[in-house]
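Have a look at the structure below before the remarks.
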Amino acid sequence: MSTSATASVSTHILDTSIGRPAAAVAVRLAARGGRDAPWTALGAGATDADGRCKDLPALPEGTTHVRLDFDTEAYFASKRPAAAQQDAPRARDSGVFFPEVAITFAVAPGEHYHVPLLLNPFGYSVYRGS
């Protein structure tokens, strides 16, 4: 456990439909200091070639909840159809079932939270990593 009075957050994305990191996915970070407090946008970044978003800003002291918003629609729109799984169902609209993924989680002071996103055109999964 860290001795810092604030929590910290990191994330990365793996596109499980191709078995590779998801590069150039826009990520937004917001925080609030209490269940009923309003969300405050803290900043944004994008994943690098390894699927990691290394430029997320620090969380303010007193943060109790964090939200990561991932722009998955723009990511999948940039992919060629050949990269999609051949036996996957065809989407009837934009080709993306989840145009964005919003992950909200509680944090405690001094803890680091690594939140990986496992992503494909028709589903996603997240977990607290290390």
Exercise. Kindly indicate the residue of region 1-11 that is hydrophobic (A, V, I, L, M, F, W, C) and surrounded by 12 or more Cβ atoms within 10 Å (Cβ to Cβ) and also nearest to E73 (Cα to Cα) among those meeting that condition.
Key: V9
Quiz item: When you scan region 12-50, how many residues do you find that are loosely packed, with under 14 Cβ neighbours inside 10 Å and in contact with a Ser or Thr (Cβ under 6 Å, 6 or more places away or on another chain)?
Solution: 1
Exercise. Output the residues belonging to region 17-34 that are closer than 17 Å to I103 by Cβ and either within 13 Å of the chain's Cα centre (by Cα) or part of a loop (DSSP other than H, G, I, E, B) (or both).
Key: A22, V25, A26, V27, R28, L29, A30
Self-check item: Filter result (outside any strand (DSSP E or B) and in contact (Cβ under 8 Å) with a residue 40 or more places away in the chain) within region 35-58
Solution: K54, L56, A58
Self-check item: Selection status of L14, in contact (Cβ under 8 Å) with a residue 60 or more places away in the chain, within 29 Å of P121 (Cβ to Cβ) and within 14 Å of the chain's Cα centre (by Cα)
Solution: yes
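Table: residues versus (1) outside any loop (DSSP other than H, G, I, E, B); (2) of a type in the set (D, E, K, R); (3) modelled with pLDDT under 90.
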{"site": "P60", "(1), (2), (3)": "no, no, no"}
{"site": "Y75", "(1), (2), (3)": "yes, no, no"}
{"site": "A88", "(1), (2), (3)": "no, no, yes"}
{"site": "A91", "(1), (2), (3)": "no, no, yes"}
{"site": "T104", "(1), (2), (3)": "yes, no, no"}
{"site": "Y113", "(1), (2), (3)": "yes, no, no"}
{"site": "P116", "(1), (2), (3)": "yes, no, no"}
{"site": "Y124", "(1), (2), (3)": "yes, no, no"}
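The values are calculated or read from the model by the stated rules, or taken from the named source; none is laboratory data. Source: prediction; values computed, not measured. Note that we place each Cβ from the backbone using ideal geometry, even for glycine, and neighbour counts take in every protein chain shown.
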